[in-house]
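What follows draws every value from the coordinates through simple rules; no lab data is involved. These numbers come from a predicted model, not from an experiment. Cβ: placed from backbone, ideal geometry, glycine included. Neighbour counts: every protein chain shown.
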Amino acid sequence: MFFPPLQPVSTVQSCVSGDVSIDPSASIASGVLLQADPECRIVISAGVCIGMGSILHAHGGDIVLEAGAILGAGVLAIGQVTIGANACVGSITTLFNADVQPSEAIASGSVLGDRSRQIVLDGRPGV
Amino acid sequence: MFFPPLQPVSTVQSCVSGDVSIDPSASIASGVLLQADPECRIVISAGVCIGMGSILHAHGGDIVLEAGAILGAGVLAIGQVTIGANACVGSITTLFNADVQPSEAIASGSVLGDRSRQIVLDGRPGV
Amino acid sequence: MVVRGLAAPPTPWSKSLAEPTIDETAYVHSFANLIGDVRVGPNVLISPGTSIRADEGSPFYIGKDTHIQEGVVIHGLDRGRVIGDDNREYSVWIGKQVSITHMVLVHGPAYIGDRTFIGFRSTVFNARVGEGCIVMMHALIQDVEIPPGKYVPSGAVITTQQQADRLPDVKEVDRQFANHVVGANEAMRPESR
């Protein structure tokens with residue numbers, strides 16, 4: 001699978017909009033975007049770490065990062081997402097309406113919650 | 001495996017000693033301890049994120065966190081350690097003279113670089 | 001919480017750049033970064049955390065009713081142009097009612113036809129993607145021309161014309177899933193709040 005290189009962060013500050021609560025012990029890298037649509041919440045618990053340039057967009061439900069969860073650089077979480085306590089989500093992973101169990105480790109570059117039609121090209125799935 | 005619960009961090013500030021360079025875009029949570037022994041360095045690159053209460057102690061070599069790397073809460077890195085770009089080290093992990101590859105995701109509570117004698121108790125390794 | 005800033009790198013060649021032209025009905029979030037000759041059509045939505053830089057390749061065209069979601073990067077090589085639907089040359093042409101979803105990279109020369117959908121974190125570089133295509137997530141489209149109405153599954157790497165010519169047609173089920181994904185950004189539009 002191909003991944004575009006992580007782009008340098010262009011926004012000076014992180015951007016927070018909507019109902020977002022962040023525990024004071026959480027650590028959020030530069031260029032992170034936290035956006036909760038109306039009637040949705042984003043909850044960042046104690047000891048959570050979010051890598052640079054990650055985007056969390058709560059839509060149709062809440063995004064909850066439980067205590068000690070960590071998201072690598074360039075992670076995209078969109079829709080309704082729960083990241084269990086101490087889970088580790090590798091960089092440039094996409095989570096679309098998907099949950100991660102407590103203490104689970106998700107390899108970098110994964111896609112969770114993709115329910116689009118899979119087809120086989122050139123004898124290899126999706127390639 | 002058992003993990004002691006993460007303790008609330010009593011020190012509000014991080015503590016830095018020795019030859020430690022921190023990129024201005026890095027974000028470091030409260031209670032982090034960065035200690036470089038004489039002739040050792042700690043290098044924190046751009047966009048790095050370090051969770052609360054983590055301890056980095058460079059000893060007998062450098063500790064280098066490459067760009068976009070992220071360490072969860074309560075990580076212990078000791079000795080000579082390189083964390084590759086955009087790698088993701090889960091909370092309460094211990095790294096002893098061990099490296100993490102770029103973009104690798106290490107599950108929470110792992111021990112890397114433990115070369116002590118392993119024995120089997122009660123039919124399960126190390127339990 | 002600890003939040004530190006990172007200053008945007010200065011671009012020495014950007015001093016004499018043309019200013020973007022933005023239709024008054026378009027919505028460009030204040031955390032979007034547009035520079036150079038970017039022509040933004042009516043009712044376009046440009047989300048925060050996007051970087052649209054016509055500072056090397058230019059101009060860029062973004063057609064009516066198109067959505068550019070968070071984290072999208074649009075940039076162009078100095079050389080290489082595509083022919084837009086108005087028969088003029090562009091570094092990047094994006095037609096009308098297009099969905100460019102989160103973290104997509106569009107690198108000119110690139111043409112994206114009307115009503116096409118580009119899924120999360122996919123890349124379009126030096127390519128033409130015809131009208132009404134659906135490109136799913138984490139795909140790469142480079143050095144090819146994709147005929148109209150084709151479906152590119154998640155994770156596909158399409159870098160030869162032979163591969164592009166063998167792609168299947170879009171099905172109704174694909175259109176439904178794409179609409180479901182895009183739904184997440186409809187709420188962004190200020191008038192729908």
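Some points to look at:
- Of all DSSP beta bridges in region A:73-125, antiparallel share, percent nearest 5: 20 percent
- Placing R0 at 22 angstrom, the Cβ-Cβ distance between B:Asn97 and B:Asp37 gives a FRET efficiency of 0.95 after rounding to 0.05.
- Isotropically averaged projected area of the protein assembly as shown, using the convex hull of Cα atoms (one quarter of hull area), nm²: 23.4 nm²
- Using the Cβ-Cβ distance between C:Glu19 and C:Asn179 with R0 = 35 Å, the FRET efficiency computed as 1/(1 + (r/R0)^6) comes to roughly 0.55.
- The residues neighbouring C:Gly36, those whose beta-carbon lies less than 9 Å from its own, together hold a net charge of -3 under the Lys/Arg +1, Asp/Glu -1 convention.
- Annotation: the antiparallel percentage among DSSP beta bridges lying fully within chain B is about 5.
- With kT/(6 pi eta Rh) evaluated at 20 °C and eta = 1.002 mPa s, and Rh the Kirkwood radius from Cα pairs, chain A diffuses with a coefficient of 145 µm²/s according to Stokes-Einstein.
- Take each residue of peptide C:170-180, count the partner chain Cβ atoms within 10 Å of its Cβ, and average: the result is 2.
- Cβ-based charge dipole, the protein assembly as shown, positive-most Cα from B:Ile42, A:Val111, C:Ser30: A:Val111
- Dipole magnitude for region C:17-188: computed about the Cα centre from +1 point charges on Lys and Arg Cβ and -1 point charges on Asp and Glu Cβ, it is near 340 debye.
- Nitroxide proxy distance, nm - points 7 Å out along Cα→Cβ at C:Asp55 and C:Arg88: 2.3 nm
- Other-chain or far-sequence residues with amide H under 5 Å of A:Val111's (modelled H): A:Thr94
- For B:Leu33, A:Leu65, C:Leu167, the sequence from fewest to most other C-beta atoms within 10 Å is B:Leu33, C:Leu167, A:Leu65.
- Shielding by other protein chains, C:45-52, mean Cβ within 10 Å: 4
- DSSP bridge orientation in region C:17-188 - percent antiparallel, rounded to nearest 5: 5 percent
- Nearest-0.05 FRET efficiency for B:Cys15 and C:Asp165, computed from C-beta distance (R0 60 Å): 0.45
- In Hz, Karplus ³J(HN,Hα) per residue of region B:24-35 (6.51, -1.76, 1.60; θ = phi - 60°; x = Gly, Pro): x, 8, 6, 10, 10, 6, 6, x, 7, 10, 10, 9
- Per-residue mean of C-beta atoms belonging to partner chains within 10 Å, peptide A:79-89: 4
- Region C:17-188 shape via C-alpha gyration tensor axes, a/c threshold 1.5: oblate
- Taking a sphere under 15 Å around the Cβ of A:Asn86 and counting the other residues whose Cβ falls inside, with K and R at +1 and D and E at -1, yields a net charge of -4.
- Remark: relative contact order (region A:15-106) = 21 percent; criterion is Cα-Cα distance under 8 angstrom and separation of 6 or more residues.
- Close amide H pairs (under 5 Å, H built 1.01 Å from N) link C:Ile52 with C:Asn33, C:Leu34, C:Ile35, C:Ile74, residues at least 5 positions away or on another chain.
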